[in-house]
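Student: Could you have a look at this structure, given as structure tokens, before my questions?
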Amino acid sequence: MLEHDPRTADDPRGSDEDPRDRDGRERDRTDPRDVFLRELDLPRGPERERVFDGDREYTLRGSESRTLATVGAFRVVLAQDLRDRDDRPLDARNSELRHLRELSLVDTARMPGRSDVALFLTDRGQSLLEAHRRERDHDPRQHDPRDERHQEFYAGLVKPRELEHDAQVFQAYLNEVDRLLERDARIEHVALDYELKREYQEWLHERDRGDAGADGRPDRTEREIERWALEHDLPYFDGHVHFPDVRIDFLDPDGHHLHRNVEVTTVHYRGAHAAAVKRAGFSRYRGATARTGKRGRPFDPHVAEEML
């Protein structure tokens, strides 16, 4: 059993960079799951190492660290979309999934109408990730506020009724990232709708903060809201800002900061809801349902334009 010493991760006395950082950057280009480990000082190798969160002790190997980070970034992920040390899909019988559950770092929820399960972090799992978060290095000569964002990690199952939809956001991410990596893009950050909506709500109520007489209703004008949406590259129509399920921030080969907005749609998207999703212009991923049992496929709203 190896012991993981976080003090050696950023030791400036060594002339060589931490090999885990170098290996992690190389994997970032090929495995879209590893990007979520970039800010974390957790085991990366094939053998389990001891890690600590306060007085709690755990043992993790690299694939288990990756599972925790991926699940935390997307809140809920299908077990079959995750991989163990031998690159096998996780399932209820998988030893790594069993190990993480025994450590009380993850919990599972049965998918309706399927044999698969979805994983989500427990409070302990989220606490462990936050305890081993480290600052990213930035070049002050090329400062960009977007470089200061941390990857959010979530715990708990917030919307059980939307489990079938939310568990497929990660699969939509994988499909979109496959196309980005083919263009030598570097994935930098992933923001779920929770993060985008929280930022919007904080801005809406910024003027009310500390005002005991505030009635809780934002006093932003429609023009201000429309401008905020434009500045954040979000569609605004029918009196609402529309948010994607996930926003993927990436660097193109020339170093430009770009992003891709992705929405998961299912057979339940009908009428006005379906029309609004289409009008928003997000990249759409057709999710599987318990009724069809079929995995989704990406839908690019610009494909028809390119063909014409």
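The values are calculated or read from the model by the stated rules, or taken from the named source; none is laboratory data. On a predicted model such as this, the values are computed, not experimentally measured, just so you know. Glycine also receives a Cβ, built like all others from the backbone with ideal geometry; neighbour counts cover every protein chain displayed.
Student: Restricting the search to the stretch 90-117, which residues are under 22 Å from H165 (Cα atoms), at pLDDT below 95 and not aliphatic (A, V, I, L, M)?
Tutor: Scanning the stretch 90-117 gives D91, R110, P112, G113, R114, S115, D116.
Student: Please verify whether L230 is at pLDDT 75 or above, within 15 Å of L196 (Cβ to Cβ) and outside any loop (DSSP other than H, G, I, E, B), treating the condition exactly as stated.
Tutor: So L230 passes the test.
Student: Give S115, S104, S65 a once-over and let me know the one that is without any contact (Cβ under 8 Å) to a residue 12 or more places away in the chain and either polar (S, T, N, Q) or not in a helix (DSSP H, G or I) (or both).
Tutor: Values: S104 fails: without any contact (Cβ under 8 Å) to a residue 12 or more places away in the chain; S65 fails: without any contact (Cβ under 8 Å) to a residue 12 or more places away in the chain.
Within the list S115, S104, S65, the selection yields S115.
Student: Here are some residues: G14, G62, G24. Which one is at pLDDT below 75 and either surrounded by 17 or more Cβ atoms within 10 Å (Cβ to Cβ) or of a type in the set (A, V, I, L, M) (or both)? Full working, then the answer.
Tutor: Values: G14 fails: either surrounded by 17 or more Cβ atoms within 10 Å (Cβ to Cβ) or of a type in the set (A, V, I, L, M) (or both); G62 fails: at pLDDT below 75.
Result of the check over G14, G62, G24: G24.
Student: Here is a follow-up. Would you check which residues across the stretch 153-169 are in a loop (DSSP other than H, G, I, E, B) and under 17 Å from T265 (Cα atoms) and list them? Write out each step before concluding.
Tutor: The initial filter retains those residues of the stretch 153-169 that are in a loop (DSSP other than H, G, I, E, B), namely 153-159, 167-168.
The answer is K159, A167, Q168.
Student: For the stretch 148-186, name all the residues that are under 14 Å from R33 (Cβ atoms) and hydroxyl-bearing (S, T, Y).
Tutor: Listed by number, the list holds a single entry, Y173.
Student: Suppose we keep only residues that are of a type in the set (K, R) and free of Cβ contacts under 8 Å to residues at least 40 places away in the same chain within the stretch 79-101. Which one would you say is surrounded by the fewest Cβ atoms within 10 Å (Cβ to Cβ)? Write out each step before concluding.
Tutor: Of the stretch 79-101, the ones of a type in the set (K, R) are 83, 85, 88, 93, 98, 101.
When the remaining residues are screened for being free of Cβ contacts under 8 Å to residues at least 40 places away in the same chain, the result is 85, 88, 93, 98, 101.
Working: R85: 16, R88: 12, R93: 7, R98: 12, R101: 15.
Restricting to residues being of a type in the set (K, R) and free of Cβ contacts under 8 Å to residues at least 40 places away in the same chain, the top hit is R93.
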